[in-house]
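Remarks on the structure that follows.
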Amino acid sequence: MIEGKTGGLKASQIKALERIYRRKIPADELISGELARYLTELSHELKRQLGLIIDRSGTILFVIVGDDREIEIPDLSRYSLGRSGLRGLRCIHTHLKQDSLSRDDLTDLELLRLDVMAVICVGENGLPARFSYAHLLPTRKTNQIESVDFQDFYRFDLDFSAFISALDQEMERVAVETIDLADGRERALLISVGQMSRQQVENSMAELDELAQTANLAVIDQVIQRPRKFNPRFLVGEGKLREIIIRALQQHVTLLVFDQDLTPNQIRSISEITEMKVIDRSQLILDIFAKRAQSRDGKVQVELAQLKYILPRLAGKGTAMSRLMGGIGGRGPGETKLEIDRRRIRDKIRRLEKQLDSLSRGRLQRRQKRIRAGLPIVSIVGYTNAGKSTLLNALTQSDVLTENLLFATLDTATRRLRFPLDREVIITDTVGFIRDLPDSLIGAFKATLEELEDADLLLHLVDLSNPRFDEQIKSVDKILDSLNLGTQQRLLVFNKIDQVSAEDLPHICRRYDAVAVSALQRNSFGALLDELQHRFWVEEDSPVV
């Protein structure tokens, strides 16, 4: 296949390129002397760089036509990486000047995980002159590059078949020693790009790591950058992005996870540079929700949020349902397929919204029934993994699912809490909140969170053992305000007090006007139960004067 800048070439020159494409290289040769001479003579005639992409069998897959400065390597994503981390392809191209491998050549070697990157310099008479090649060197920490340079091409001698077999085996051995290739989980590199303080960025990254663990990702590495300004195309600078991708490839990473929300254009631009999957924080949360939703309500709400997230990103490599692109004017078959996909998603969104309305009416009827019963309603709200479900179970002796993971509960659970003198309250558990919760999720779960509007008291549960508990309180307050629940009566409750200093606890509670419990220790509930009775039945218990 002939790729690149073929415009302006004569028919005879095109035929010469086609003859190169039909050549076969012996397995023990990096490139034959005859083919090298043919390539440099044609490159000299065209005054353009020419390149070859060759597989290990010696088959020429691509003949690339560049300009006088560079070639552009075509998309090689169909040729997957092997267990060693090499692609099984080599690139050999010409330089019109007597210079060695460029920085771009070495970057392509690392980014594309090629077996070898080689340059044949074109002499004044069109014959092969200087020759350079480079390959990756396996180490346990990072892959380094070894470059070899010959002033005369014909002094080069290498049994390529034996060389690449040994290199491949060594790289696979190092890979097996450093990573568990049998682990079927996605291998993720987490990236945070922020202009906040170093502590804030690190806190945000710690939370992203928790989200990744909840999503069952194997977190391999983390990268934090605090740029002076954001790159509108890649979020980070293009050079920094290439460094990140090379670092990820060296560690056999399959997924890049950004802590910041990426625009559709940014996801497309980053995906064009790498074959690894690229997602942002919102998509990671959506994936967690999709795995953990159990009820019909939860599944509908999550699917709706996912489709609303996908719709504006439905184009380009990595995110589209179809990778076909439009023809002249952008209205070819690919564009038609894209429009069909978009229309199907919009139709599905409308159907899900109607289904959600129907489910919402059912929830409204149940809420009205509870209100008519005249029982006080308490809703437990709080940051994800604060212990809301554990507290509900302990208070009501029920068995709502609990796990030490973010978003263990997505579905609302309702139970009755009994007090002395045949008094009862209805207590509900809700989905946990998180910093910068995606708008699509807030919108999708708004129907479920409507139950909070009927609550006589919002019991705001806080994980006091979390070093970021103050930020989490503010995040929850912000979300409640966005749901127009800012005026609802609230009670702040600190949980997990068994994991904090007993000396500091009274001072913290006074500072925040909160009561303290450990959801795992029922004997710690006294102050909370007294406060609930005081709030709901204080007037009934007051003596008649």
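One table, with the values for the structure above:
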{"quantity": "Peptide ranges 145-157, 511-523 listed from the most packed, as the mean C-beta count within 10 angstrom indicates", "calculated": "511-523, 145-157"}
{"quantity": "Cross-link pairs LYS277/LYS348; LYS5/LYS97; LYS10/LYS240; LYS97/LYS277; LYS10/LYS97; LYS240/LYS299 - those with Cα-Cα distance over 29 Å", "calculated": "LYS10/LYS240; LYS97/LYS277; LYS240/LYS299"}
{"quantity": "Region 187-285: C-alpha gyration tensor shape, a/c 1.5 cut-off, then a/b vs b/c", "calculated": "rounded"}
{"quantity": "Amide H contacts of PHE62 (H built 1.01 Å from N, under 5 Å, at least 5 apart or other chain)", "calculated": "ILE53"}
{"quantity": "Global geometry of region 153-195, whether rounded, prolate or oblate, following the gyration tensor of its Cα atoms and the 1.5 cut on a/c", "calculated": "oblate"}
{"quantity": "Separation between Cα centres of region 158-213 and region 456-529, rounded to whole Å", "calculated": "38 Å"}
{"quantity": "In order through region 250-264: 3J(HN,Hα) via Karplus (6.51 cos²θ - 1.76 cosθ + 1.60), integer Hz, x for Gly, Pro", "calculated": "4, 10, 6, 6, 10, 9, 9, 10, 8, 6, 8, 6, 9, 6, x"}
{"quantity": "Coil-residue trypsin sites (Lys or Arg not before Pro) of region 184-233, DSSP, other Cβ within 10 Å capped at 16", "calculated": "ARG185, ARG228, LYS229, ARG233"}
{"quantity": "Qualifying aspartates and glutamates (Cα of each under 19 Å from Cα of LYS15; at least 8 residues distant if same chain)", "calculated": "GLU3, GLU34, GLU41, GLU45, ASP67"}
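Since every read-out is calculated from the coordinates, none of them should be taken as a lab result. All of these numbers come straight from a predicted model, not from anything done at the bench. All Cβ positions, even for glycine, are placed from backbone atoms using ideal geometry, and neighbour counts span all protein chains on display.
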